[in-house]
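For reference, the structure discussed in these notes is given below.
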Amino acid sequence: MKKISILFALLIFFFGSAQIDNIADGESITLRIHYGFLNAGTANLTTKQTTYKGIPHLYVKGTGQTTGAVKAFFKVEDLYESFINTQTGLPSFYVRNVREGSYRQHFETVFNHDNNTLILTDKKTPANGSKVLKSVKGVQDMLSCFYYLRSKSPDELKVGTVINMNVWIDDEMFPFQLKVTGTENLKTKFGTINCLKIIPSVKSGRVFKDKEGVTMWVSNDANHLPMLLKAELAVGALKASIDDYKNVKYPLKFSK
């Protein structure tokens, strides 16, 4: 059931230099995760306006956990944190602290965008210390890329748009591409809402069935709020659907 944690990572990976001004202080998004017919877990993202080293930042906290019967035989408790510069949309500090069954990982990353380097610290194994690594211009982390994408205006994120970015995960850089392929009226627990359909290019093989085995739907408005994500895996499928939202900056237009 480690695929559950993979979906949560995907969820925050696909959504994140642009000024961030469309995210409200105290916004909260909760998604319900399903593996086949099982209600497998939840993922939650919250925001808070703060400062980091005296500069205005958006603090984002992401959590993912298994629930119910799934939790009894595979426990997931993942924590992600990011401090994002609200003027540049770039991350300054990032934490990935995951507990997935017997697997543990805890990395902290400090970004230096002036000289394209980063400082990586393995908190799970303090004896390894910290190391300075070469980075690339405009690098994002798994949380900041979500808000980077959402910060784009409706004119910047429309059908036909292709977005390329480099995302830092653990101790490795991943080039990534997102394609806005169309619009669709999507049924949710709150009603029907018009959404942009986005397909990210992912590496096929052990986890995914196809290179483009993941599809995401986000509200077709200034919020670009995630409504649904589907991942076709090598074995089975995972789905994350909107379950709750609070303090979204712009009203969402649902119809019955």
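The values are calculated or read from the model by the stated rules, or taken from the named source; none is laboratory data. On a predicted model such as this, the values are computed, not experimentally measured, just so you know. Neighbour counts are summed over all protein chains in view; Cβ atoms, including those assigned to glycine, are modelled from backbone coordinates with ideal geometry. To get the accessible areas, we keep the full protein, side chains included, count just its heavy atoms, and leave off ligands, DNA and RNA. Shrake-Rupley method; radii C 1.70, N 1.55, O 1.52, S 1.80 Å.
Quick rundown of the values:
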item: For ARG99, distant residues with modelled amide H under 5 Å away; result: GLU77, ASP78, LEU79
item: Segment 117-167 - percent of accessible surface contributed by carbon and sulfur, probe 1.4 Å; result: 52 percent
item: Given charges at Cβ of Lys, Arg, Asp, Glu: the chain dipole, positive-most of SER82, ALA24, LEU228; result: LEU228
item: Residues with amide H under 5 Å from that of LEU225, placed H, sequence gap 5 or more; result: SER219
item: Ordering of 67-73, 104-110 by burial proxy (mean other Cβ atoms within 10 Å per residue, highest first); result: 104-110, 67-73
item: Placed amide H near THR117: partners under 5 Å, 5+ positions off or other chain; result: ASN112, SER135
item: Options [x] 18.5, 58; [y] 17.4, 54; [z] 17.5, 57 - which one matches Rg and Dmax of the Cα atoms in Å as calculated here; result: [z]
item: Accessible surface, per residue, of segment 101-256 when the full set of protein chains is kept, probe 1.4 Å, Å²; result: 51 Å²
item: Segment 37-91, accessible surface, carbon-and-sulfur percent (1.4 angstrom probe); result: 60 percent
item: Mean Cβ count within 10 Å, highest first, over the residues of peptides 213-226, 87-100; result: 213-226, 87-100
